[in-house]
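This report concerns only the one structure given below.
The values are calculated or read from the model by the stated rules, or taken from the named source; none is laboratory data. In this text the structure is predicted, and so the values were computed from the model without any measurement. Quick reminder, even Gly has a Cβ in these numbers, built from the backbone with ideal geometry, and neighbours come from all protein chains shown.
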Amino acid sequence: MEALLGSLEQLALIKALKTSFFAYPIVNALHILAIGALVTAVLLMDLRVIGVIRSLDEQPFVRLLRRVALWAFALAVLTGALMFAVRATEYAGMPLFWIKMGLIGLAGVNFVAFSLLRQPSAKRVLAGVSITLWPLVLLAGRFLGFVL
Ligand code: HEM
């Protein structure tokens, strides 16, 4: 496993990312942009489903925000994976990194279940879970930068 992570760090693209003055900060900024869009879209969607926001029709509002959340999540995964690859061995040894991945996994499963379920009461419960999980992912991500 260590050898695999080591060779990931040695890929030409990842070495360029590490040595370029501009590349890493740009990838990091795109990660933050994606996270902002993702968390905003998800929270607005959850608040609409729970009933805190009532002024807009639920279906088109949720459909639009779900699309934004999916694109933002894809960008967060791509940029996150690039940053991970720069210091793959170190991140892989950090429990906090795996806590963050576990929380993302839980939030992702919750999101899929939310999209598949039809009963309004069940959707409200999952929206409540989502409101708790995504900010926890955000917090874990922010702390990761501090403890490395
Ligand atoms: C598979 C998906 C993801 C991976 C592999 C990943 C990986 C990373 C890595 C390696 C860093 C750099 C940490 C450092 O500064 O040393 C980071 C930063 C961060 N991540 Fe992610 N991430 C992912 C998704 C997410 C998501 C979905 C969120 C939030 C909803 C998130 C929130 C953050 C935050 C807040 C930071 C700190 C940014 C900063 O202050 O510079 N990440 N992530």
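Determine whether Thr79 is hydroxyl-bearing (Ser, Thr, Tyr), near the ligand (Cβ under 9 Å from one of its atoms) and closer than 25 Å to Lys18 by Cα.
Working: hydroxyl-bearing (Ser, Thr, Tyr): yes; near the ligand (Cβ under 9 Å from one of its atoms): yes; closer than 25 Å to Lys18 by Cα: yes.
Yes.
So that you can scan it fast, the table gives a plain yes or no per residue for (1) more than 21 Å from Val112 (Cβ to Cβ); (2) surrounded by 14 or more Cβ atoms within 10 Å (Cβ to Cβ); (3) away from the ligand (no atom under 14 Å from the Cβ):
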position	(1), (2), (3)
Ala41	no, yes, no
Val52	yes, no, yes
Asp57	yes, no, yes
Arg67	no, no, yes
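Taking into account only those residues within segment 110-121 that are over 18 Å from Ala41 (Cβ atoms) and loosely packed, with under 13 Cβ neighbours inside 10 Å, which is nearest to the chain's Cα centre (by Cα)? I'd like the intermediate steps shown before the answer.
Pass one, segment 110-121, residues over 18 Å from Ala41 (Cβ atoms): 116-121.
If we keep only those that are loosely packed, with under 13 Cβ neighbours inside 10 Å as well, we get 116, 118-121.
On the way: Leu116: 20, Arg118: 24, Gln119: 26, Pro120: 25, Ser121: 26 Å.
If we take residues in segment 110-121 being over 18 Å from Ala41 (Cβ atoms) and loosely packed, with under 13 Cβ neighbours inside 10 Å, then Leu116 is nearest to the chain's Cα centre (by Cα).
Confirm whether Leu148 is near the ligand (Cβ under 8 Å from one of its atoms) and modelled with pLDDT under 95. Full working, then the answer.
On the way: near the ligand (Cβ under 8 Å from one of its atoms): yes; modelled with pLDDT under 95: yes.
Criteria met by Leu148.
Are there any pairs with C-beta distances below 8 angstrom linking a residue in segment 84-101 that is within 19 Å of Ala3 (Cα to Cα) to a residue that is surrounded by 15 or more Cβ atoms within 10 Å (Cβ to Cβ) and of a type in the set (Val, Ile, Thr), with the two at least 6 apart or on different chains, and if so which?
Ala85/Ile14; Val86/Ile14
Given the conditions (1) under 16 Å from the mean Cα position of the chain (by Cα); (2) within 16 Å of the ligand (Cβ to nearest atom); (3) surrounded by fewer than 14 Cβ atoms within 10 Å (Cβ to Cβ); (4) over 17 Å from Ile104 (Cβ atoms), which single one is not true for Val27?
(3)
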